[in-house]
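Q: Right, I'll just put the structure down here and ask away after.
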Amino acid sequence: MDIRPDEVTVLRNGSSQVIAPSTIELGETIQIKPGEKVALDGELLSENASFNTAALTGESKPDTKYKGEAIFAGMINLNTVAEVKVNALFKDSKLSKILEMVQDATARKSQTQLFLSKFAKVYTPIVFFLAVAVCFVPYLFVDDYNFQTWFYRALVFLVISCPCALVVSIPLGYFGGIGLASRNGILFKGGNFLDVMTKINVIVMDKTGTMTKGVFKVQQIVPNNIEEKELVKLTAALEKNSTHPIAKAVTEYAGDITSSVNVEAVEEISGHGLKGKVDGKEMLAGNVKLLKNFNIDYPAEIEKIVDTIVVIAINNQYAGYITIADEIKEDAVQTVKDMHGLNIRTVMLSGDKQSVVDEVAKKVGIDEAFGDLLPEDKVEKVQQLKNEGKHIAFVGDGVNDAPVVALADAGIAMGGLGSDATIETADVVIQNDQPHKIVSAIKIGKITRSIVWQNIIMAMTVKVFVLILGAGGIATLWEAVIADVGLLCWPF
């Protein structure tokens, strides 16, 4: 599973070496380049660096770490080369503990037994002994008993009772369901999971990457005594001088309207934002702490805003703010509505802060939402629901979701952007990351179950009817063959 790099750069004796993470010792310094995954837990030695922690913690907002702060295996370095002092061995890292939980959860998960295997153990010996009885029992009751006649009837009985229609049609029903799902971008890892999906009455889901896109976008622009376009242009021109993910979201939103803007004397104030001169105007762009440091008044309600916010001041006057948030997927609202239409309860579990989780849950229509959760907290929540007798499907995409995916009755992974650990652990994989496919998976499971039971009922009804005729000498071997093999052409 590609959940950590196979090699890592370690700094030894003034030079760098590329070695396996398992050979690195405590106290050594490793180098993480932009775009690389952190291989081991440690302490940041560089002044600062931004990391994508979504796969590990579920937090959608990129996390800027400063010198001395903890760094965990599985994080992805976003912008500058970072040096990390290792404080946990390969086997003791946070990521390794998550994978151990995956194994524990898998061990507790019962395996679904297919109906056909259970049925065959009972059906086959019964019909064999009944055929023997048809051949020999009449000897005790029939005066003119003829062995050849009753042996023929026993053969007719055996041919009719042959479970070809069941053995072939039932697996074909499941194969058809799996094929229908795959055409709709859903991968079932076994026909038994089609049955499991029909029993689901609670769907628990992650937020980032499942119901949201996991990508920062500008959500709202609120100017104060300035045109909205002008505010965006000036702010984006200043933010162009930063590699922070929030700054990138603003500049991407602005496009090329900043090309003619003159920017100078830019200063990045760590943990606060940017200061600079844009087209001759003194500008500040950052969080509310930045404006407080420069004694600039701003509306008090700004501090109650849930989303990430960039507050702007021009010439020492508050000029407005821009909110930036993870964007909700287009079909998320309809997905939850359709789940409720199937009488399915919805629950959201996330490592993101509670206020953000509550806001997303409110917009989407989810019944319950829990934030600030570590991977082990998610496992505990799901276990509580299972103890209540609920049939649970969990939907997630990050490494942190893998233990819960394994524990749930049906684990569903978002396969397009999801981690390899979650995809390999899951029972069902949504290949195109559309949450509405969860509803489709449930409906396909119900359609498949309906067709399989139609096959079973039809096959058994015809067989019992012709068996009676065969035992009475009315049906011949030809009718027996047609009753058995002919059922394979049954349109279902």
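The values are calculated or read from the model by the stated rules, or taken from the named source; none is laboratory data. Worth saying up front: this structure is predicted, and the values here are computed from it rather than measured. Here the Cβ is made from the backbone with ideal geometry for all residues, glycine too, and neighbour counts use every protein chain on show.
Q: Scan Lys289, Lys337 and give me the residue that is modelled with pLDDT of 90 or more, under 30 Å from Leu373 (Cβ atoms), of a type in the set (Lys, Arg) and in a helix (DSSP H, G or I).
A: Numbers: Lys289 fails: modelled with pLDDT of 90 or more.
So the residue among Lys289, Lys337 that is modelled with pLDDT of 90 or more, under 30 Å from Leu373 (Cβ atoms), of a type in the set (Lys, Arg) and in a helix (DSSP H, G or I) is Lys337.
Q: Residue by residue through segment 341-352, note down the ones that are surrounded by 14 or more Cβ atoms within 10 Å (Cβ to Cβ) and either touching a helix residue (DSSP H, G or I) at 6+ places or on another chain (Cβ under 6 Å) or free of Cβ contacts under 8 Å to residues at least 60 places away in the same chain (or both). Steps first, please.
A: First, the residues of segment 341-352 that are surrounded by 14 or more Cβ atoms within 10 Å (Cβ to Cβ): 344-352.
If the condition is that a residue be surrounded by 14 or more Cβ atoms within 10 Å (Cβ to Cβ) and either touching a helix residue (DSSP H, G or I) at 6+ places or on another chain (Cβ under 6 Å) or free of Cβ contacts under 8 Å to residues at least 60 places away in the same chain (or both), then Thr346, Met348, Leu349, Ser350, Gly351 are the ones that fit.
Q: Then there's this: Would you check if Val250 is surrounded by 21 or more Cβ atoms within 10 Å (Cβ to Cβ) and assigned to a helix (DSSP H, G or I)? Talk me through it step by step, then tell me what you get.
A: Numbers: surrounded by 21 or more Cβ atoms within 10 Å (Cβ to Cβ): yes; assigned to a helix (DSSP H, G or I): yes.
Considered against the rule, which asks whether it is surrounded by 21 or more Cβ atoms within 10 Å (Cβ to Cβ) and assigned to a helix (DSSP H, G or I), Val250 comes out as yes.
Q: Which numbered condition in (1) touching a strand residue (DSSP E or B) at 6+ places or on another chain (Cβ under 8 Å); (2) surrounded by fewer than 13 Cβ atoms within 10 Å (Cβ to Cβ); (3) over 20 Å from Ser50 (Cβ atoms) is the only one that Gly320 fails?
A: The single condition Gly320 does not satisfy is (2).
Q: Out of Lys207, Lys213, Lys189, Lys233, report the one residue that is closer than 25 Å to Pro299 by Cα and either under 19 Å from the mean Cα position of the chain (by Cα) or in contact (Cβ under 8 Å) with a residue 24 or more places away in the chain (or both).
A: Numbers: Lys207 fails: closer than 25 Å to Pro299 by Cα; Lys213 fails: closer than 25 Å to Pro299 by Cα; Lys189 fails: closer than 25 Å to Pro299 by Cα.
Going through Lys207, Lys213, Lys189, Lys233 in turn, the sole match is Lys233.
Q: Then there's this: Checking Gln220 against (1) in contact with a helix residue (DSSP H, G or I) (Cβ under 8 Å, 6 or more places away or on another chain); (2) within 20 Å of Ile322 (Cβ to Cβ), which test does it fail?
A: (1)
Q: Please enumerate the residues belonging to segment 184-209 that are of a type in the set (A, V, I, L, M, F, W, C) and modelled with pLDDT under 90.
A: Keep residues of segment 184-209 that are of a type in the set (A, V, I, L, M, F, W, C), which gives 186-188, 193-194, 196-197, 200, 202-205.
Hits for segment 184-209 are Ile186, Leu187, Phe188, Phe193, Leu194, Val196.
Q: Related question: Counting only residues that are in contact with a Leu (Cβ under 9 Å, 6 or more places away or on another chain) and either assigned to a loop (DSSP other than H, G, I, E, B) or at pLDDT 85 or above (or both), how many does segment 11-37 have? Please lay out each step first, then the result.
A: Within segment 11-37, the first condition is being in contact with a Leu (Cβ under 9 Å, 6 or more places away or on another chain), and the residues that meet it are 17, 21-22, 24-26, 28-31, 34-35.
Okay, now just the ones that are also either assigned to a loop (DSSP other than H, G, I, E, B) or at pLDDT 85 or above (or both), so 24-26, 28-31, 34-35.
Summing the residues that are in contact with a Leu (Cβ under 9 Å, 6 or more places away or on another chain) and either assigned to a loop (DSSP other than H, G, I, E, B) or at pLDDT 85 or above (or both) in segment 11-37 gives 9.
Q: Of the numbered conditions (1) modelled with pLDDT of 90 or more; (2) within 20 Å of Gln354 (Cα to Cα), Ala325 fails exactly one; give the number of that condition.
A: Just one mismatch for Ala325, condition (1).
Q: Pick out the one residue from Ala369, Ala402 that is outside the structural domain of Asn224 (by TED's automatic domain parsing), modelled with pLDDT of 90 or more, among the small types (Gly, Ala, Ser) and under 20 Å from the mean Cα position of the chain (by Cα). Show your work before the answer.
A: Values: Ala402 fails: modelled with pLDDT of 90 or more.
Sole residue among the options that is outside the structural domain of Asn224 (by TED's automatic domain parsing), modelled with pLDDT of 90 or more, among the small types (Gly, Ala, Ser) and under 20 Å from the mean Cα position of the chain (by Cα): Ala369.
Q: Also: Restricting attention to segment 233-262, which residues are under 16 Å from Gly286 (Cβ atoms) and of a type in the set (A, V, I, L, M)? Give the derivation first.
A: Just the residues of segment 233-262 that are under 16 Å from Gly286 (Cβ atoms), to begin with: 234-251.
Result: Leu234, Ala236, Ala237, Leu238, Ile246, Ala247, Ala249, Val250.
Q: Just to be sure I understand, how many residues within segment 428-483 are farther than 26 Å from Thr149 by Cα, among the charged types (D, E, K, R) and not in a loop (DSSP other than H, G, I, E, B)?
A: Going through segment 428-483, the residues farther than 26 Å from Thr149 by Cα turn out to be 428-459.
When the remaining residues are screened for being among the charged types (D, E, K, R), the result is 433, 437, 443, 446, 449.
Next cut, not in a loop (DSSP other than H, G, I, E, B) only: 437, 443, 446, 449.
The total comes to 4.
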